[in-house]
Amino acid sequence: MSEAKIRLYVDQALSAGQPVAVGADQANYLFNVMRLAVGGQVVLFNGRDSEWRAVVTQAGKRAGVLICVEALRPLVLPCDLWLVFAPIRKVRTDFIVEKAVELGVSRIVPVQTRHTNAERIRQDRLQAHAVEAAEQCGATFVPEVADLVGLDRLLADWPAGRHLMWCDEAMAGPAAPLAGPQGPWAILIGPEGGFSTDEQARLRGMPGVQPVSLGPRILRADTAAVAALVLWQAALGDWR
Ligand code: SAH
């Protein structure tokens, strides 16, 4: 791998000549795993500023310093699209977060529904997955992974004007092309057990909710998340 291809997410502000200190984990990755030395190059981004080419000026075992040299690309925000999903088993939840970042979302919201199998999530771990996915796919923005929230609560506080593409397994069958207004959207994916009757009734009664089919077969939640993101991006998002 060529040195300048290493992309690293950092918290610090980035600007010309700005020194960026890296801690133990990143030092290990850069200087041990990737064998970068003083003079080596890295691409840095922080989700707020432009992406920068940086040069290693100190490479220690447990710390190091990089200096920002040249702005490469401006920050590019994804469309204002939330992915709301009921977490499933660990690896599949990790998969959903990773694919959501690659396909383009602005926020990831794990939601607890009546039939959700997960009581808790490791928000910090999921956020780290989002960072890794952004590093890998060239995104300059990292979506926030929210804490687990109850579906009732989320719908009670639902922001006015945010449209909801509700992936409703009861609609399974021919899928009409997705259409709708521009503006803020969210995609809702249910758990393996599907939505409860109460939840279905509530969603049906909400303004701005569009029940959609993802085709004739019942998809697993992780497949459904990817399929829904593709449909949305192609019809209303930044794939057009
Ligand atoms: N156990 C449920 C299926 C849950 S699938 C049942 O048998 O009905 C998990 C989630 O994926 C669903 O809640 C829904 O959001 C989405 N999903 C899966 N297949 C779908 C389809 N064909 N159309 C719309 N949504 C689907």
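Can you give the accessible area of F95, probe radius 1.4 Å, in Å² rounded to 10?
Counting only protein heavy atoms, the figure is 80 Å².
Considering Cα pairs under 8 angstrom that are at least six residues apart, work out the relative contact order of the range 81-236 and quote it in whole percent.
31 percent
Which of the lysines could a cross-linker span from K61 if the Cα-Cα distance has to be under 27 Å and same-chain partners fewer than 8 positions apart are dropped?
Qualifying lysines at Cα under 27 Å: K5.
Ignoring everything but the protein chains, give the 1.4 Å probe accessible area of V230 in square angstrom, nearest 10.
Here the residue's solvent-accessible area equals roughly 50 Å².
What is the local net charge at Q26, summed over the other residues whose Cβ is closer than 13 Å to its Cβ (Lys, Arg +1; Asp, Glu -1)?
-1
Calculate the length of the line joining the C-alpha centroid of the range 57-100 to that of the range 1-43, in whole Å.
Value for the Cα centre distance between the two parts: 14 Å.
For R217 and Q58 in the same chain, what is the full-extension length gain: residue separation times 0.36 nm, less their Cα-Cα distance, in nm?
51.8 nm
Using the heavy atoms of the protein chains alone and a 1.4 angstrom probe, what is the accessible area of the chain per residue in square angstrom?
In whole numbers, the chain has 49 Å² accessible per residue.
Just reorder T57, T116 by solvent-accessible area, largest first, 1.4 Å probe, all chains present.
T57, T116
Less than 15 Å Cβ to Cβ from L178, Lys/Arg counted +1 and Asp/Glu -1: what total charge do the surrounding residues give?
Here the count lands on -1.
If you roll a 1.4 angstrom probe over the protein chains with everything in place, what fraction of the accessible area of the chain belongs to carbon and sulfur, to the nearest %?
Accessible surface attributable to carbon and sulfur in the chain totals 53 percent.
Quote the accessible area belonging to H115 in square angstrom, nearest 10, computed with a 1.4 Å probe and with ligands, DNA and RNA left uncounted.
Surface open to solvent at H115 totals about 70 Å².
Pick from E169, E132, E70: which residue has the top mean-square fluctuation in a GNM of the chain where Cα pairs under 10 Å get a spring?
E70
Over the chain, what is the percentage of antiparallel beta bridges among all DSSP beta bridges, to the nearest 5?
Taking every DSSP beta bridge within the chain, about 40 percent pair in antiparallel fashion.
Test of understanding: in a Gaussian network model of the chain with alpha carbons linked when under 10 Å, which of V84, V33, V226 would top the mean-square fluctuation ranking?
Sorting by GNM fluctuation, first place goes to V33.
Semi-axes of the chain's equivalent ellipsoid from the Cα gyration tensor, sqrt of 5 times each eigenvalue, largest first, rounded to whole Å?
Output for the chain: semi-axes of 39, 18, 15 Å.
Using helices alone, I'd like the mean residue ellipticity at 222 nm for the chain: each DSSP H run of four-plus residues gives -39500 (n - 2.57), total over residue count, nearest 500.
So the calculated ellipticity at 222 nm is -8000 deg cm²/dmol.
The values are calculated or read from the model by the stated rules, or taken from the named source; none is laboratory data. Treat the numbers as computed from the prediction; the structure is a model and nothing was measured. So basically every Cβ, Gly included, is an ideal-geometry build from the backbone, and we count neighbours across all protein chains shown. Heads up: the accessible areas ignore ligands, DNA and RNA and are worked out on the full protein's heavy atoms, side chains in. Shrake-Rupley method; radii C 1.70, N 1.55, O 1.52, S 1.80 Å.
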